[in-house]
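Just below is one structure, and these are the notes that go with it.
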Amino acid sequence: MEEPHIEEGHNQNKLLDVAPALISVHPSHKSIAATVGSDLRVFNLIDNSPVTLVDESNESFHKDSVRAIRYSASGKLFVSTGDDKLVKIWSAESWRCLNTICSEKRVTAVAVSHDDSYVCYADKFGVVWVVELGGITKKGVPLLSHYCSIITSLEFSPDGRYILSADRDFKIRVTVFPEEPLQGAHEIQSFCLGHTEFVTCIAFVSNPELTQSYLMSGSGDSTVRLWDIASGSLLDTCEVSTVAGHLESNESEQTQVTVSDLCAIPDSSLAAVAIQSFQGILLLSCDLSAHTLSITKVIQIPGESFIPTSISLSTSTLWMVSGASNGPNQPGYSRVRVISCIDSEKSSVLEDEQIPGGTKLLEKLQGKVSIEESVMIAASEAVRAAMSSLLMKKQYSEEKREFRKRSRNDKKTTN
Amino acid sequence: MESETKPTFSKSTGLPRKRFYRARAHSNPLSDSHFPIPISPSHVDFSLHFPKFVGTNNEEVSKKVEFADIGCGFGGLLISLATLFPDTLMIGMELRDKVTEYVKERILALRKTSSGGQYENVSVVRTNSMKYIPNYFEKGQLSKMFFLFPDPHFKEKNHRRRVISVDLLDEYAYVLRAGGVIYTITDVEELGEWMRSCLEKHPMFESLTHEELDSDPVVELLCSATEEGQKVARNGGQTFRAVFRRIAYVS
């Protein structure tokens, strides 16, 4: 009885080391960053050259898997963070590391306020911390907390009034971002409750005039949902399992799939959605007056195995990366592909030579120009298993639960 | 009759016997136990809890739960409040399943044996209130929340398991309406100081004045109505109260 349980725990620990490759593009398409494992790679899209990062801090460069990256809305800053418990803030112009914040626990999500004044980061125990930029501070202070949950995504609302935190306990919390964030964010505006599995990603969709904004969220429950954050009400639910399932096999029954990433397309009410186990991108359209969400297009990615683990958008170009690493000292694999003109009829998946930056970019961001298909397939499966292991709640049988309680003091005497 | 076939019930009173429902005093709030969790407050079927007050179609609900006893134990406070506020719906939340079973049986038995249709306004649910309070209650729904003799979690490394903390007060402030009251009491001095300090630090709570405490009929029930409270009184112990009102956010 002992052996299988111990081995299972060990396997789970190995799975938790698997880190998906991430990609993030500058809001004005000036540069692009990708990570696999602890390696952060940046390419300058203006003069088509690889960027050399400068980090003169005591804790230079990341020593363990990077779990979250993003550019600030202004495009002036870039943040990277992850399992090495460091939050690094870089200038997106000079690519020097401006500041390194030390977290007590591994970090799972990060967001920057719209005016570049504050960076918020969430740790694996559900605490969101905030640090004021422009100072010399090395530590954050607590902002809010999701009790004993893992926070998967952090976002500011487009008007900067709210900070949103999504967790593995199916919740999205909308909290007023106060004038003095260092005192904590205590006023909860609403909870967006409706998902039936862990929430993975959140993004805002707005009308071109930016007068109306609604929240979209992706989850392990095979849906993308639309919300009004002021009231927390669920406006619409879009099932994505049928699309992914139908194209994968001929089964008509729905299997549960996980939405791995989504991003809104600015100046439109569209969003691009990546789904685990699906080699393609879904385009969802949001009707802002009817408050509905529907699948408007399915873009399949031709060629060898490529399931996006992270996507990022700038102007109408969608950048996708697929890959993973097995831990800090293992080599990782990542493959970058691009869909151009994603919001128009002319959208197309570009060949390597056609992408902005071409093979030079691929060499920098991927580490090499071509990756073996078998390696890509293995990486995708590892990412899927790792996310499930981390975020899905474990259901133990009665027997297993009793076994787990065996070391409890009060259970040792038999009645 | 039921009381003849069920040894766990007293033949004379028709009420459940505590000794058949004993459980450990402590329960780990960090573990994801095996009980159903409602997706949102609109997914909770309150007609199951309060059949005489709530119709089966939740849309027509005019009455909503207003009092919540967090960690209600064997239900002493709720039973006292039920007759004091017969038109108010109240619910107890408890993590231990045997204890929740006891309270459930107690309420059902009281409803049956009561002559005036009492105790229809009180119920209990097994859940972890440190994680799932927003799943049960809407914004500003509650007018009273009770935290009587919570687990002190003495070790400093376990302080994060305490049911009152500045972070969790954000969620309690969310479900309490402005003007709603949070009642806390303990016989552990350090915990009493901790709870008072958390409430004082939180920008959405202010302390009740002595006059307000004296004129609130619920306040004396904090010590006298529960098993824990009666035990403390018997041993001549001191209790430490912190009763605060939910106010609009003050920066």
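The values are calculated or read from the model by the stated rules, or taken from the named source; none is laboratory data. All of these numbers come straight from a predicted model, not from anything done at the bench. Cβ coordinates were reconstructed from backbone atoms using ideal geometry, including for glycine residues, and neighbour counts include every protein chain displayed. When the accessible area is computed, the model is the full protein with side chains, heavy atoms only, and any ligands, DNA or RNA have been set aside. Shrake-Rupley method; radii C 1.70, N 1.55, O 1.52, S 1.80 Å.
Data overview
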quantity: Alpha carbon centroid spacing (whole Å) that separates segment B:88-130 from segment A:251-290; calculated: 44
quantity: Equivalent ellipsoid dimensions for chain A as semi-axes, Å, which come from the Cα gyration tensor, largest first; calculated: 30, 26, 25
quantity: Calculated Rg and Dmax of segment A:104-193 using C-alpha coordinates, Å; calculated: 12.0, 38
quantity: Cα-centred dipole magnitude for segment B:163-251, charges only on beta-carbon of K, R (+1) and D, E (-1), debye, nearest 20; calculated: 140
quantity: Estimated vicinal HN-Hα couplings, Hz - segment B:68-73 in sequence order (Karplus 6.51, -1.76, 1.60; Gly, Pro = x); calculated: 10, 9, 8, x, 6, x
quantity: For the protein assembly as shown, calculated [θ]222 nm from helices alone, where every DSSP H run of n ≥ 4 adds -39500 (n - 2.57); calculated: -6000 deg cm²/dmol
quantity: Solvent-accessible ranking of A:155, A:209, largest area first, probe 1.4 Å; calculated: A:209, A:155
quantity: Using a Förster distance of 25 Å, the FRET efficiency for residue A:139-residue A:16 (Cβ separation, nearest 0.05); calculated: 0.45
quantity: Relative contact order (%) - criterion: Cα under 8 Å, at least six apart; region: chain A; calculated: 13
quantity: Hits among aspartates and glutamates - C-alpha to C-alpha of residue A:394 under 15 Å, sequence gap 8 or more where chains match; calculated: A:8, A:169, A:197, A:402, B:32
quantity: Sequence-distant residues sharing a close amide H with residue A:260 (under 5 Å, placed H); calculated: A:274, A:275, A:276
quantity: Folded to 0 to 90 degrees: helix B:97-113 orientation relative to chain B principal axis, Cα; calculated: 60
quantity: In degrees, nearest ten, helix B:189-201 long axis to first principal axis of chain B (Cα); calculated: 70
quantity: Assigned charges on the beta-carbon of Lys, Arg, Asp, Glu; the protein assembly as shown dipole about Cα centre (debye); calculated: 2160
quantity: Translational diffusion of segment A:124-253, µm² s⁻¹ [Kirkwood Rh, Cα pairs; Stokes-Einstein; 4 °C; 1.567 mPa s]; calculated: 81
quantity: Label-point separation in nm, residue A:182 to residue B:39, each point 7 Å along Cα→Cβ; calculated: 4.3
quantity: For residue A:405, solvent-accessible area (1.4 Å; no DNA, RNA or ligand), Å²; calculated: 70
quantity: Principal axes of chain B: Cα extent on each, largest first, Å; calculated: 58, 47, 40
quantity: Entries in B:157/B:231; B:104/B:157; A:105/A:405; B:52/B:112; A:14/A:400 that, when Cα-Cα distance is taken, lie over 23 Å; calculated: B:157/B:231; B:104/B:157; A:105/A:405
